[in-house]
1. What's the total number of residues in the range 50-68 that are buried (at least 16 other Cβ atoms within 10 Å of the Cβ) and under 17 Å from Lys140 (Cα atoms)?
2. What about Val101, is it hydrophobic (A, V, I, L, M, F, W, C), within 15 Å of Asp87 (Cβ to Cβ) and in contact (Cβ under 8 Å) with a residue 60 or more places away in the chain?
3. Out of Leu58, Leu38, Leu8, Leu73, which single residue is part of a loop (DSSP other than H, G, I, E, B), in contact (Cβ under 8 Å) with a residue 12 or more places away in the chain and not hydroxyl-bearing (Ser, Thr, Tyr)?
4. Looking at Lys106, Lys72, which one is within 21 Å of Lys17 (Cα to Cα), of a type in the set (Lys, Arg) and touching a Phe, Trp or Tyr at 6+ places or on another chain (Cβ under 6 Å)?
5. Given (1) surrounded by 14 or more Cβ atoms within 10 Å (Cβ to Cβ); (2) touching a helix residue (DSSP H, G or I) at 6+ places or on another chain (Cβ under 8 Å), identify the lone condition not met by Ser29.
Amino acid sequence: MVAKETKLKGCFILEPKVFRDQRGYFIESFNKETFKRLTGISSNFVQDNESNSSKGVLRGLHFQRGEYAQAKLVRVVRGSVMDVAVDIRPNSETFGQHVSVLLSGKNKKQLYIPKGFAHGFVVLEDNTIFSYKCDNYYNKSAESGIMYNDLDLQIDWKLSAEDLILSDKDLKLSGFKDIAL
């Protein structure tokens with residue numbers, strides 16, 4: 001596995017080794033010791049989640065507050081997404097900045113998103129399966145988010161606004177300047 005830290009401290013792009021032969025492929029998608037050696041981060045993932053979405057579905061930008069904050073390790077099993085992490089750590093040098101990474105079933109890349117980040121993704125292909133690990137349990141009372149099209153963040157979602165499909169909840173999220181951290 002190869003790990004490369006993004007411009008946002010603590011946020012890593014991971015590329016597992018892919019072993020291919022006539023049968024298909026094999027990857028080790030996570031190994032706690034290898035992850036710690038490459039990133040210096042000791043994670044204890046406690047929950048795995050998976051979604052299946054159509055092209056144009058945008059989920060995010062979500063985060064959990066306070067003691068329920070979550071670090072995530074995200075990947076695509078099938079299809080592709082433009083994955084986005086936004087640094088919302090008030091004392092960070094990169095506060096308000098984001099990274100975008102193309103994750104796909106073909107490239108097998110993963111993104112590690114530390115606590116203190118908002119996260120979202122837009123689906124670029126039908127029947128995309130998105131999988132992620134969390135180091136803390138979901139708590140409905142701690143959920144929050146930022147509007148996907150916030151003018152201060154200037155995120156390029158790679159699809160036009162007319163092609164996006166959002167939940168009612170995501171359409172009512174706050175702007176970046178309006179979130180209380």
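1. Number of matching residues: 7.
2. yes
3. So the residue among Leu58, Leu38, Leu8, Leu73 that is part of a loop (DSSP other than H, G, I, E, B), in contact (Cβ under 8 Å) with a residue 12 or more places away in the chain and not hydroxyl-bearing (Ser, Thr, Tyr) is Leu8.
4. Lys72
5. Tallying (1) surrounded by 14 or more Cβ atoms within 10 Å (Cβ to Cβ); (2) touching a helix residue (DSSP H, G or I) at 6+ places or on another chain (Cβ under 8 Å), Ser29 fails exactly one: (2).
Let's see how each residue does on (1) at pLDDT below 95; (2) over 17 Å from the mean Cα position of the chain (by Cα):
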position: Val101; (1), (2): no, no
position: Ala118; (1), (2): no, no
position: Val122; (1), (2): no, no
position: Asn127; (1), (2): no, yes
position: Lys133; (1), (2): no, no
position: Tyr137; (1), (2): no, no
position: Ala142; (1), (2): no, yes
position: Ala161; (1), (2): yes, yes
position: Asp168; (1), (2): no, yes
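The values are calculated or read from the model by the stated rules, or taken from the named source; none is laboratory data. Fair warning: this is a prediction, and the values are worked out from it, not measured in the lab. Positions of Cβ are generated from backbone atoms using ideal geometry, with glycine treated the same way; all protein chains shown enter the neighbour counts.
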